[in-house]
Each structure stands twice: as structure tokens, then as C-alpha cells.
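Peer 1: The following block contains the structure, expressed as C-alpha cells.
Bear in mind these aren't lab numbers, they're just calculated from the coordinates by the rules spelled out. Everything quoted here is computed from the prediction, not taken from an experiment. Here the Cβ positions follow ideal geometry from the backbone for every residue, glycine too, while neighbour counts run over all protein chains shown.
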Amino acid sequence: MTDTDAVVIGAGPVGLFQVFQLGLLGLRAHVIDVLPEPGGQCVALYPDKPIYDVPGVPRCTGRELTRLLLTQAQPFLPALAPASTDARGPGASGSSPYANVHLGQQVAGLARAEDGRWLVTSSRGLQWRARAVFVAAGAGAFVPRSLNLPGLQDAGNVHFHVPEAGALPWAGQHVVVAGGGDEALASVVSLANETDPARRPARLTLLHRREVFQAEPELDAAVRALIAEGRVALCVGMPTEAQVAKATVESLAILSPDETHHPLPLDHLLVRQGMSPKLGPLTDWGMALERKQIVVDTGTFETSLPQVYAVGDINTYPGKKRLLLCGFHEATMAAHAAAAALNPGSPQHLLYTTTSPLLRERLGVA
Ligand SMILES: Cc1cc2nc3c(=O)[nH]c(=O)nc-3n(C[C@H](O)[C@H](O)[C@H](O)COP(=O)(O)OP(=O)(O)OC[C@H]3O[C@@H](n4cnc5c(N)ncnc54)[C@H](O)[C@@H]3O)c2cc1C
């Protein structure tokens, strides 16, 4: 059980900015996301596409915006101890380098403790006790689309993400990438051009049900060039069965367009068929909903539950726009409302980062 001022559900762009705004107001926050890296839709759906309408940032990609938000929130993201003496057990913080960013786990439960605080439980059984909760869950928890073959869900050599940095488990081995869209083709191009031996596969096969891809023309052309050069093998067909032994997929049975079956042996399977958001457990937490969105008060962004706020794409109110800018405004308003509610005796003065010694101290700047 970790005690904290606030829990932020979702490490998308709005959840990250929420941590920053809470930090400015002196509130410590822990943020939890089911994905293995922060960034929400920006990283899961459009990491390399340009965004043109974030104030003061004329152009940046989804991944660049996430990096900027993490850099901005850095004063409030303490680094995890190197030899992680994390009492919550191995992997408690997912692949996150931050002590208060917990990745790879879904928030499953939200319940009121006897003392009025909120108990937040994750799918890994971790618990946080917080005075305020900020639901920044976007369109829901992003769950990768799988191949729907028995045995794949528990296999240790099936992957859905390519971590941006560090050694990869498939280095020097045969990787089959499944999919025919932007995600799959971008992974094939980046793995084929990987120069780091700790990340580079020995062999790459692209598995898709048709010869035609549904991807950007540049990606399509890049992958076809790799296939023509013999650096990537193309396997066209439908996987109908997985041969699994000791929780390891050894090969897939492929039904070819000419109706013949053949095996596709592999060392690792990287499924890149996109993500589908699942609202999941948050519909059971007792918040007022409207068309699967959380209803909020636009002065505070509080939900129908006290000290539970909803910000970003997950909320609804008259005139709601699902834009980054709107989510950032909502996170700012919600942080101020929570600070006032949690400190009823002390007046909340509006301070500027440019001139306030207190805010500059919190930011760690001279
Ligand atoms: C293709 C595309 C292009 C876009 N371009 C623009 C643009 O140019 N300008 C613009 O302003 N907006 C754009 N948007 C919209 C913008 O990306 C969203 O408004 C923004 O991502 C919303 O941020 P968020 O943090 O609220 O939600 P999200 O980005 O959806 O993040 C929510 C996070 O919460 C996590 N989560 C949800 N439920 C749980 C749970 N129970 N437990 C753990 N984790 C959970 C999810 O896994 C996710 O990571 C675009 C969207 C798309 C799809």
C-alpha cells in the first residue's frame, strides 16, 4: 500500500500534464497505465505523425510531445532507485524509470476507504491510498489486438510493443511480425535497419493475410524494397493454429491463399495489429456516465464522486472537444480544485511560474 496525495489513472498526455500541475501545487501523484510506456494515444496510435495545434509548439510528433511532457514533469517524477529496492516487488513499476509511474498494469478497482480516502487497486495487486483521484483514461485502457489463437495469451515469446530503448529479447533470433498496417510495417522497417546487436534480429518475416498492405505509401514502399533485397521475408496467409510448448510458441500453422497449409517456425512473434481501447472496470466505479464518458462539473472537473476528477478524452460536458489543448486546460482546473478541496483552511492564491519563489523552488530552478 502506497500513501499519496493523488493517483492519476492513465499516463497519456493529459495524465502526464496532470502530474505536472499537481506537482506545482505541492501535491504528490502516482500515475498508472496499462501500456508499457507513457504517451497514451500519442504513442500508441500516432507516434510519428505531426501535431500542429499545441500552443507554443508549432510542430511535433506524438512521441516528441510525450518526451516534452515527461521533461516538463521531471521535477515531479523521482527516479527509481538503481538497484530497485522496491518493497512492492519485482516489476512493480513496469518498465518505468520513475518511482511514481507504474506501467503495464490496469487500474482495476476504485473504492472508498473508511477514512474517506480512495483506494486504487491495479491488475498486479498493487494498492495506493490517495486523497484525490484523477481519471485521465482517454478512450479506455489500450489493449493490443491479438491473433486469437489458443495458447498465445500465456506464451513468453509473444510481444505487442517494441520498447524504444534497451536490449530486445529477440536480438540475434528469428522474429515474425504479424500485421499489414502502419504499425506492423513501421516495426519491420525499424527492426530491419537496427544497428545495435542487442536489438537486431537475425531474421525477419512479415506475416500478413494478403499481399496488399494498409499503410502509408512510404512505409509500403520501404517494406517492399526490404523484401526485394531479401532482408525481410513475406509470408502471405492466415495463421490457424499455434504450436506451443512450455509457454513458448514454436511455430504457426499458416493457411495460404491457395488453400494449402504450411508451418512458419519462429523464435519470437511480434503482433502489431493495432490497439483497441477498452473502458473496462471504470464503468463499475459509481461515477455518473453519459454515453460511456464521465460527466464532470466544468468549474472543477470533479465527477459525481467527491475528490475524483476526470480530465481529457474520458470526460464529457456541453461543448466538449477531444483535443490536447482542452485536456491540458481541464488538468489545470482539476489540480486547482483538488488543492482547494484538500486544504480547506488555506487560501489558494494563483501563482505564476515566472515570478513565484515557491513554484520555482518546487520546479528546482534558481
Ligand atoms: C490519429 C490521431 C491524431 C490526433 N491528432 C491530434 C491533434 O493533432 N491535435 C490534438 O489536439 N489532438 C489530436 N488527437 C487527439 C489526442 O490524441 C487526444 O485528445 C489525447 O490523446 C487525449 O489524451 P488523454 O491523456 O486524455 O487520453 P489518451 O491519450 O487516450 O491516454 C489515456 C491513457 O489511459 C490509459 N488507461 C485507460 N484506462 C486505464 C486503466 N483502467 N488502467 C490503466 N491505464 C488506463 C490508456 O492505456 C492510455 O494510455 C489525435 C488523436 C488521434 C487518434
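Peer 1: At 0.36 nm per residue, and after removing the present C-alpha to C-alpha distance, how many nm does the segment from A111 to Y317 gain when stretched out fully?
Peer 2: Working: separation 206, 0.36 × 206 = 74.16 nm, distance 2.44 nm.
Separation in residues times 0.36 nm, less the Cα-Cα distance, equals 71.7 nm.
Peer 1: Note the angle between two axes, namely the Cα long axis of helix 62-73 and the longest principal axis of the Cα atoms of the chain, as a number of degrees from 0 to 90, rounded to the nearest 10.
Peer 2: Tilt relative to the chain: about 30 degrees.
Peer 1: Find me the longest stretch of the chain that has none of the exposed GluC sites (Glu not before Pro), where exposed means in a DSSP loop (not H, G, I, E or B) with at most 16 other Cβ atoms within 10 Å. Please list the in-between numbers first.
Peer 2: Working: sites that count: E114, E164, E194, E211, E229, E259.
No qualifying site falls inside 1-113, the longest such stretch.
Peer 1: Suppose every K and R has +1 on its Cβ and every D and E has -1 on its Cβ; what is the size of the dipole of the stretch 146-273 about the Cα centre, in Debye to the nearest 20?
Peer 2: Details: 9 positive and 16 negative charges, 51 e Å.
Here the stretch 146-273 has a charge dipole of around 240 debye.
Peer 1: A further question follows. Between the DSSP loop rule and a limit of at most 10 other Cβ atoms within 10 Å, which trypsin sites (Lys or Arg not before Pro) in the stretch 194-264 are left?
Peer 2: Passing sites in the stretch 194-264 are K246.
Peer 1: Calculate how many DSSP beta bridges within the chain are antiparallel, expressed in % of all such bridges and rounded to the nearest 5.
Peer 2: Values: 32 of 66 bridges.
Looking only at bridges with both residues in the chain, the antiparallel portion is about 50 percent.
Peer 1: Then there is this: Let me check the size of the chain from its C-alpha atoms; what are the radius of gyration and Dmax in Å?
Peer 2: Using the Cα atoms of the chain, the pair Rg, Dmax is 22.5, 75 Å.
Peer 1: If you don't mind, there's one more thing I want to ask. Give the distance, in whole Å, between the Cα centre of the stretch 66-81 and the Cα centre of the stretch 13-31.
Peer 2: Taking the Cα centre of each part, the stretch 66-81 and the stretch 13-31 sit 10 Å apart.
Peer 1: Rg to Rh for the stretch 114-156: what is it, with Cα atoms only and Rh by Kirkwood?
Peer 2: Values: Rg = 16.1 Å, Rh = 13.9 Å.
Dividing the radius of gyration by the Kirkwood radius yields 1.16.
Peer 1: To test your reading of the geometry: what angle, between 0 and 90 degrees and rounded to tens, separates the Cα axis of helix 13-24 from the longest principal axis of the chain?
Peer 2: Compared with the principal axis, the helix lies near 30 degrees.
Peer 1: Name the aspartates and glutamates eligible as straight-distance cross-link partners of K292: C-alpha to C-alpha under 18 Å, and not fewer than 8 places from it in the same chain.
Peer 2: Cross-link targets: D284, E302, D313.
Peer 1: Check T61: other-chain or 5+ apart residues with amide H under 5 Å from its amide H, H built from backbone geometry?
Peer 2: I51
Peer 1: If one takes the longest principal axis of the Cα atoms in the chain, at what angle in degrees, from 0 to 90 and to the nearest 10, does the Cα axis of helix 182-192 lie?
Peer 2: With rounding to tens, the tilt is 70 degrees.
Peer 1: Once amide H atoms are built 1.01 Å from N in the peptide plane, which residues 5 or more positions from A99, or in another chain, come under 5 Å H to H?
Peer 2: A79, L80
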